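What follows is one structure encoded as structure tokens, with my remarks underneath.
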Number of protein chains: 2
Amino acid sequence: MTTTRKITSLDVAKRAGVSRSAVSRVFTPGASVSERTAIKVREAAHALGYRPNVLARAMLTGKSKIIGLVVAYLDNHFYPTVLELLSEALEREGYHVLVFMAAHSADDVEDVVSQILDYQVDGLILASVALSSDMADRCRASGVPVVLFNRKLEAEGELAVVSDNRMGGRLAADHLISLGRTRIGHIAGWEGASTQRDREAGFMEGLRAAGLGLFARELGDYRLPRAKEAARRMFDTPDHPDAVFVANDYMAFGVMDVLRSELGLSVPGDVALIGFDDVPSAAWPAYSLTTIKQDAEAMVTTTVSALLSEINGTEVTSPAPLPVTLVRRTSA
Amino acid sequence: MTTTRKITSLDVAKRAGVSRSAVSRVFTPGASVSERTAIKVREAAHALGYRPNVLARAMLTGKSKIIGLVVAYLDNHFYPTVLELLSEALEREGYHVLVFMAAHSADDVEDVVSQILDYQVDGLILASVALSSDMADRCRASGVPVVLFNRKLEAEGELAVVSDNRMGGRLAADHLISLGRTRIGHIAGWEGASTQRDREAGFMEGLRAAGLGLFARELGDYRLPRAKEAARRMFDTPDHPDAVFVANDYMAFGVMDVLRSELGLSVPGDVALIGFDDVPSAAWPAYSLTTIKQDAEAMVTTTVSALLSEINGTEVTSPAPLPVTLVRRTSA
DNA sequence: TTCCTCACTGCATGCGTTTGCAGGAGACTG
DNA sequence: CAGTCTCCTGCAAACGCATGCAGTGAGGAA
């Protein structure tokens, strides 16, 4: 550990023959400095390898330029995609992402959010986890803008970016019905999630509109092993559904695996399958999963702009649910 | 924006009737405080919702408790897994992960690393990107420990955690040969990566040991579309390989898709396929990909302990390459 | 009682910046 | 040439906390 002494603005100032203030101003866009000193300072800074200490700046200005991101699991490929997009979009705006993993138990989330607040983050994005209103209050008290990503809260206070999940469920139902299927089942995600409730509500609405009822229902909790068990239970009988709406693609892969590999059923011959999200692998020929596409890019763009507006003091209201589309592949 | 004034240790001190120092000590494990004042302080802190400002502490102590993680792409499922594991492991140690996305061009990495340094991170993990030795120097000059994850540098100076990629390549070759295949091809990853070089070296060694040469070789750059094109080129002829070692699972999925869906070849009937990594989806029946397993958990554990040792001032040398194993499924 | 020890506490300083304020130096006008 | 303006610069005071140092008091030993 050749711990070279840290170089501060003072070192640069001395070398350039100016004051610390001058150095600071050179690195502060929009500050008043003459070109002459700017050059001297930049030269000295470069020679010494100086870069302003973001943390010190953060203390003084109160803006840390870091955004906390809470995310529960990364095994559902939708979230890595989102994380990548989010991080890139925020980096473009001069922010960076501090990641916090949280199993989706509520307690855990509270705890994690507290930890984040310790870092004086400028904003907080909660991806697919719920926030108690108590916690929301604490955040607001700290002056930290929060936006919920792909989940909304019953209490309407919070900023939330979601797709039009109800419409998505409706599209799924309509499509399966248009295929002539009549014994239609649903494998649900986690019932604590607004996405699940909305998707299912839209789906049921579609069934009702066609005079159909739900033929079977099982719970998958948005987890792969659970979804596979759900599929096994649902298809344990000869009188099984001829179509299933699975609440997200990730589970749908597991369901399709069970149907084809364990039960010898053909998709879509014996049973049509439709998912939700349109993760990249849904397009892979091995699955070729028909699904309801969430526009991840639009969701991210919306999230970032809402968050930044709020950070800059603009009062913002939750944007309208983002449109979803049916992507027809061969599974339905 | 009801920007409530931020509550500082001074507020707590006043309410508890003690000095700021006392408050600070209560929140500093191992400091000398009487139980009586500790209780008073904790009470006041809780009542006010006070939590120490990590950034202010960081300035003073020089330890920010944040670890920078540079990662190029998240679409290869190996990395989300790693990110999740890393973040969890570090959180357990009281650290948090600041994410930086970098396309894998070298310039970009330099730039990104500079940005990270601005945050006074306590350590840096570079996942699958290379670090120029110039940059490495800058990090060392800043006193920031760096560890390369799943990539090593020619210059032996840097701490690097890798699997035994050479052995992995060797295992892949041996397995294909044991299957009686003779026209064996290779779809390579990015040639700038040490992983690629080592895997291929081991693979070639295995072929040579059996008196075989490489039947065909194409470049996939660790990217899905490139890998598919590579597969198309390689199988454009009736006289195509009867086995292929693909440099990672992610590309292998694409290759398998091309073989089965576009070219009507059967796997492993017409061509045996073996990948590298053992990402979760390799086990999915739709692919059932035989592969060389990298122990992500062990890699992460090793990375974290090496990094923390270095942070705590212990001189550390690169750990030995971690063992890999052949996971036999049905694709080979 | 007196002295010493020890556990605790407060004071004051410093970490590396930004920024309001006031002063200095030109540049320009008349 | 004096006066005014503009532009730039340095000073010093924050930001919220940790920590060495000196000082307080209580308790024990003699």
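Computed over protein heavy atoms with a 1.4 Å probe, the accessible surface of the stretch A:197-248 works out to 44 Å² per residue. Across peptide A:74-87, the average count of Cβ atoms from other chains found within 10 Å of a residue's Cβ is 5. Heavy-atom accessible area, probed at 1.4 angstrom with all protein chains present, ranks B:T195, B:T8, A:T330 as A:T330, B:T8, B:T195, highest first. The sum of -39500 (n - 2.57) across all DSSP H runs of n ≥ 4, divided by the residue count of chain A, sets its helix-only mean residue ellipticity at 222 nm to -13000 deg cm²/dmol. Shape analysis of the stretch B:9-52 yields a ratio of the Cα radius of gyration to the Kirkwood radius, Rg/Rh, of 0.90. The heavy atoms of A:R57 offer some 110 square angstrom of accessible surface to a 1.4 angstrom probe.
B:D75 label point (Cα plus 7 Å toward Cβ) to equivalent points in the other copies: 2.4 nm, shortest first. Estimated translational diffusion coefficient (Stokes-Einstein, Kirkwood radius over Cα pairs, 20 °C, 1.002 mPa s) of the stretch A:165-294: 153 µm² per second. Using only the alpha-carbon atoms, how far is helix A:194-209 inclined from the longest principal axis of chain A? Give it as 0 to 90 degrees, nearest 10. The helix A:194-209 is inclined about 30 degrees to chain A.
Could you work out the percent of alpha carbon pairs in the stretch A:170-239 separated by over 13 Å, rounded to a whole number? Tail fraction, whole percent: 65. Applying 0.36 nm per residue to the separation of A:A210 and A:L60 and subtracting their alpha-carbon distance, the gain on full extension is 47.8 nm.
Just to be sure I understand: of the beta bridges DSSP finds with both ends in the protein assembly as shown, what percent are antiparallel, rounded to 5?
15 percent
Taking the C-alpha atoms only, the angle from helix A:78-92 to the longest principal axis of chain A is near 20 degrees.
What's the Kirkwood radius of the stretch A:48-205 in Å, using all Cα pairs? By the Kirkwood definition, the hydrodynamic radius is 17.5 Å.
Taking 18 Å as the cut-off, the amide N atoms of the stretch A:129-162 that come nearer than this to a point 7 Å along the Cα-to-beta-carbon line of A:T314 belong to A:145-148, A:159-162. The calculated FRET efficiency for the pair B:H46 and B:A201, based on their C-beta separation and a Förster distance of 56 Å, comes to about 0.40. Summed over both chains, the area buried between B and A is near 4900 Å², taken from the accessible surface of protein heavy atoms with a 1.4 Å probe. As a size descriptor, the averaged projected area of the C-alpha convex hull of the stretch B:1-93 was calculated at 9.1 nm².
Between identical copies, the spacing of A:R208 label points, each set 7 Å from Cα toward the C-beta atom, reads 7.2 nm from nearest to farthest.
Measuring only protein heavy atoms, the 1.4 Å probe finds A:Y73 accessible over about 60 Å².
Label zone of B:D270 (point 7 Å out along Cα→Cβ, amide N under 19 Å): in the stretch B:207-233 this covers B:215-218, B:227-233. Just so you know, the Cα atoms of chain B work out to an Rg and Dmax of 25.3, 87 Å. Rg and Dmax of the protein assembly as shown, based on Cα coordinates, read 27.4, 87 Å.
Summary for A:L326: label point 7 Å along Cα→Cβ; distances to the equivalent points in the other copies, ascending, 4.8 nm.
For A:F245, B:F27, the ranking by accessible surface with the largest value first comes to B:F27, A:F245, using a 1.4 Å probe.
Under 26 Å of direct C-alpha separation, and excluding same-chain neighbours fewer than eight residues apart, B:K63 reaches these lysines: A:K6, A:K63, A:K65, B:K6.
By a 1.4 Å probe calculation restricted to protein chains, A:L214 has an accessible surface near 50 Å², given to the nearest 10.
Using the Kirkwood radius built from alpha carbon pairs, what does the Stokes-Einstein equation give as D for the stretch A:113-196 at 37 °C and 0.692 mPa s, in µm² per second? Mind dumping the intermediate values first?
Details: Rh = 14.9 Å.
Rounded to a whole number, D works out at 220 µm²/s.
Averaging the sequence gap over all C-alpha pairs within less than 8 Å and six or more residues apart, then dividing by the number of residues, gives chain A a relative contact order of 14 percent.
Using a 1.4 angstrom probe on the protein heavy atoms only, could you order B:D270, B:D164 from most to least accessible area?
The ranking, largest first, comes out as B:D270, B:D164.
The Cα center of the stretch A:275-307 and the Cα center of the stretch A:46-97 differ in position by 23 Å.
The values are calculated or read from the model by the stated rules, or taken from the named source; none is laboratory data. The structure displayed is predicted, hence computed values, not measured ones. Methodologically, a virtual Cβ is constructed for each residue, glycine included, from the backbone with ideal geometry; neighbour enumeration extends over all protein chains shown. Heads up: the accessible areas ignore ligands, DNA and RNA and are worked out on the full protein's heavy atoms, side chains in. Shrake-Rupley method; radii C 1.70, N 1.55, O 1.52, S 1.80 Å.
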